[in-house]
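**Q** My structure is below; once you've seen it, I'll send some questions.
The values are calculated or read from the model by the stated rules, or taken from the named source; none is laboratory data. None of these values were measured; they are calculated from a predicted model. Don't worry about glycine lacking a Cβ; one is built from the backbone with ideal geometry, like all the others, and counts go over all protein chains shown. These area figures cover heavy atoms from the full protein model, side chains too; ligands, DNA and RNA do not enter into them. Shrake-Rupley method; radii C 1.70, N 1.55, O 1.52, S 1.80 Å.
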Amino acid sequence: MPAHRKPIRVMLIDCRPLVLMGLHDLINAKKPQMEVSGQATTYTHALNLADQLRPDVIFFSFFPDALNPLAVVAGLARSAEMKVLVLKGLYESVPVAQAIEAGARGIVLAEDPTESITQAIIKVYHNDIGLDRAWAGGLSGYATTRYVPRRCNLEQAKQARLTLRERELIRAIVGDPSAKYTCIAERLGISEHTVHNHLSNIYQKLDLINRIDLLMYAMKHGLTNNEEPPESTWVELD
């Protein structure tokens, strides 16, 4: 990292001491690229601390508190300099669509590899997981999202590398976002290990981080229906 570039300052919000400790150690291990600037265990403290520290990225968890978490996300996201990244468990009930509409810039799964979590911080900081409110608000109505043919671009080049089986897996995930991998595997007639292998390939091909990231990408780019993309979207790759 160039000597003149400051580290990404990350603030943590979670009521669980073990989670805070784990994230603290994970992020500070990446110094000087990033560092923890502060942490809060209540939303009131989080709002006050954010005003004082003005962190670059705020790792936000949903938990029982006197304040409404969505209102807190909206309050934190009012400043364009502070980017909110929501942390959730894969099977944890979190209003993802509402959090995005409130101003969250991305979602990261607690079950993700540690390297994926730190990469999510970097991507959010550089606006690479910016979410378009026009489609973020329609997460619950993804079936109405349609593919709009466009000239071949980088995203279409990425999608052209997907196999038919990988596209089928994406549609299965979009069709039931909370389904366990074992259920998806049974539905597709493959093993759970194969599901994980396909997902790893999909993440690599589309430059994504996790399942939530894939869900959002699929809805934004029209990978939610059974139709193959028009021929103009396919490109020859070496």
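**Q** Name every residue in segment 176-186 that is within 22 Å of the chain's Cα centre (by Cα), open to solvent by less than 40 Å² (accessible area, probe 1.4 Å) and not hydroxyl-bearing (Ser, Thr, Tyr), in order of residue number.
**A** Ala179, Ile184
**Q** Within the group Ile107, Ile58, Ile117, which residue is in contact (Cβ under 8 Å) with a residue 24 or more places away in the chain, open to solvent by less than 50 Å² (accessible area, probe 1.4 Å) and farther than 21 Å from Arg211 by Cβ?
**A** None of the others qualify; the one that does is Ile58.
**Q** Across segment 187-204, which residue is nearest to Leu223 (Cα to Cα) among those that are outside any helix (DSSP H, G or I) and open to solvent by 40 Å² or more (accessible area, probe 1.4 Å)?
**A** Among them, the one singled out is Gly189.
**Q** Between a residue in segment 193-218 that is over 15 Å from Lys180 (Cβ atoms) and any residue that is among the β-branched types (Val, Ile, Thr) and in a helix (DSSP H, G or I), which pairs come within a Cβ distance under 6 Å, given they are 6 or more apart or on different chains?
**A** Pairs found: Ala218/Ile170; Ala218/Val174.
**Q** What are the residues in segment 217-238 that are closer than 23 Å to Ala104 by Cα, part of a helix (DSSP H, G or I) and either touching a His at 6+ places or on another chain (Cβ under 8 Å) or at pLDDT below 85 (or both), if any?
**A** Hits for segment 217-238 are Met219, Lys220.
**Q** Among what's in segment 1-53 and is over 16 Å from Leu76 (Cβ atoms) and of a type in the set (Gly, Ala, Ser), pick the residue that is most open to solvent (accessible area, probe 1.4 Å).
**A** That would be Ala3.
**Q** Assess whether Val124 counts as being at pLDDT 80 or above and of a type in the set (Val, Ile, Thr).
**A** Answer is yes for this residue.
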